[in-house]
Amino acid sequence: MKTRLISFLIAGALVVSAQADAQAHADSEVPVAEKPAQSTSATENQSNKPEKPLLLTSREGMEKSNALRIAVRDKNKAAASAISGPRLWYAGFGLEGSSKAFAGDVKLTGQRLQELYPDVISYIAYNDQTVETMQVPLATLPGIENATYEIGKQAKPQDVAVMMISSHGNQHILGVKLDGEYAGPISDNYLEINLRRLKAVPTVLIISACHAGSMIDTLKSENRIIITAAAADKSSYGCQPLSENTFFIDAMMGKTLNPELSLNQLFVQMKADIAEREKKEKLTPSEPQLYVGEKMKAFADKPINSWLKQAS
């Protein structure tokens, strides 16, 4: 009973945070047009009603997700074996199905990385999809476990790993939502345990969520760079249902991305762009955060397009 109560309270906190963000942006979003009322005859003719879509959490949904995960694993194993030099790994997770922005963040980040590194090896998962149109595995706790396990098993010290997570968040947790219902949230402790699998691989962790800065102390490591959309006590923006991307990823990976910039330079530029947008829309500053581990100091100063070049 105690465990159920805690889960209920955590889910409630995430919902409140999501509602606050949505309300803050209600005036800047185009409202969804209401569906026209059905005629009486159409309502009464039950045979004309379309079948309800299968739930992502149904047996069919989980089986399809697992089949896609296995296919991605096998494809990535072959791709990794074919590359003799340093490799770039990307794991992107859109944990919430309540907004297009979370899946959009994952896809845009993957697109930008592939433009710079065509051979990037990607594990992409998000929950803004249906069983009928499912193209990538679902973003769940086992999905994160599988991706970090596969990357950790194959990655070499000279490789680089990028993990990007987009979701609603609260202090030390990220929400997971499927079929309109919250599943168990992902905690910073859980993420830290999974990231240990990457061992000495240089890792860039990007978290787009409210209060994401609260996770830095738990996740920091000497071989890790962490970039969060907001400070520990701040909200981030741009996650309305029809948003394409959050403010954070739009500023980081949008049209302003310059591959000649280092992560340190990109962060300064991104932070200024976000602050200007928030001021214009009269929003409380989100205050994005940057942590650079001791062994990543030089890496943070390298141009993004030279990450895989070995020092001479």
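A few comments on the model shown:
- Whether a residue is at negative phi, in a loop (DSSP other than H, G, I, E, B) and open to solvent by 10 Å² or more (accessible area, probe 1.4 Å) was assessed, and ASP217 does not pass this test.
- Selection status of GLU287, over 22 Å from LYS107 (Cβ atoms) and not basic (Lys, Arg): yes
- Top-ranked residue of the stretch 140-177 - restricted to ones that are assigned to a loop (DSSP other than H, G, I, E, B) and either more than 22 Å from CYS210 (Cβ to Cβ) or charged (D, E, K, R) (or both), ranked as most open to solvent (accessible area, probe 1.4 Å): PRO157
- In summary, ARG69 fulfils each of the numbered conditions (1) modelled with pLDDT of 95 or more; (2) surrounded by fewer than 19 Cβ atoms within 10 Å (Cβ to Cβ); (3) in a helix (DSSP H, G or I) with the single exception of condition (2).
- Inside the stretch 236-278, residues that are under 20 Å from the mean Cα position of the chain (by Cα) and over 25 Å from LYS100 (Cβ atoms) make up a count of 2.
- Look at the stretch 266-282: where a residue is at positive phi and aliphatic (A, V, I, L, M), no partner that is in a helix (DSSP H, G or I) and at pLDDT 95 or above sits 6+ places away or on another chain with Cβ atoms under 6 Å.
- Under the condition of being farther than 25 Å from ASN170 by Cα, in contact (Cβ under 8 Å) with a residue 24 or more places away in the chain and either open to solvent by 60 Å² or more (accessible area, probe 1.4 Å) or assigned to a loop (DSSP other than H, G, I, E, B) (or both), the residues counted in the stretch 290-308 number 6.
- Members of the stretch 235-263 that are open to solvent by 50 Å² or more (accessible area, probe 1.4 Å) and over 25 Å from ASP128 (Cα atoms): THR256, ASN258, GLU260
- Residue match in the stretch 113-125 (condition: over 29 Å from ALA82 (Cβ atoms), open to solvent by 10 Å² or more (accessible area, probe 1.4 Å) and in contact with a helix residue (DSSP H, G or I) (Cβ under 9 Å, 6 or more places away or on another chain)): no
- In the stretch 114-154, the residue that is farthest from SER58 (Cα to Cα) out of those that are at pLDDT below 95, among the aliphatic types (A, V, I, L, M) and in contact with a strand residue (DSSP E or B) (Cβ under 9 Å, 6 or more places away or on another chain) is LEU116.
- Neighbours by Cβ (under 7 Å, 6+ apart or cross-chain): first from the stretch 146-173, in contact (Cβ under 8 Å) with a residue 12 or more places away in the chain and under 30 Å from TYR237 (Cβ atoms); second open to solvent by 20 Å² or more (accessible area, probe 1.4 Å) and charged (D, E, K, R): THR148/ARG197
- Members of the stretch 279-289 found to be under 21 Å from the mean Cα position of the chain (by Cα) and open to solvent by less than 60 Å² (accessible area, probe 1.4 Å), listed by number: SER286, PRO288
- Per the conditions (1) within 16 Å of VAL204 (Cα to Cα); (2) assigned to a loop (DSSP other than H, G, I, E, B), the sole criterion not satisfied by THR284 is (1).
- Test: GLY85 is part of a loop (DSSP other than H, G, I, E, B) and more than 18 Å from VAL176 (Cα to Cα): yes
Residues checked against (1) surrounded by fewer than 24 Cβ atoms within 10 Å (Cβ to Cβ); (2) at positive phi:
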residue: ASP179; (1), (2): yes, yes
residue: ALA183; (1), (2): yes, no
residue: ASN189; (1), (2): yes, no
residue: CYS210; (1), (2): no, no
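The values are calculated or read from the model by the stated rules, or taken from the named source; none is laboratory data. Values in this document were obtained by computation on a predicted structure and should not be read as measured data. Cβ sites come from the backbone with ideal geometry, for glycine too, and all protein chains shown count toward neighbours. Note: areas computed on protein heavy atoms with side chains; ligands, DNA, RNA excluded. Shrake-Rupley method; radii C 1.70, N 1.55, O 1.52, S 1.80 Å.
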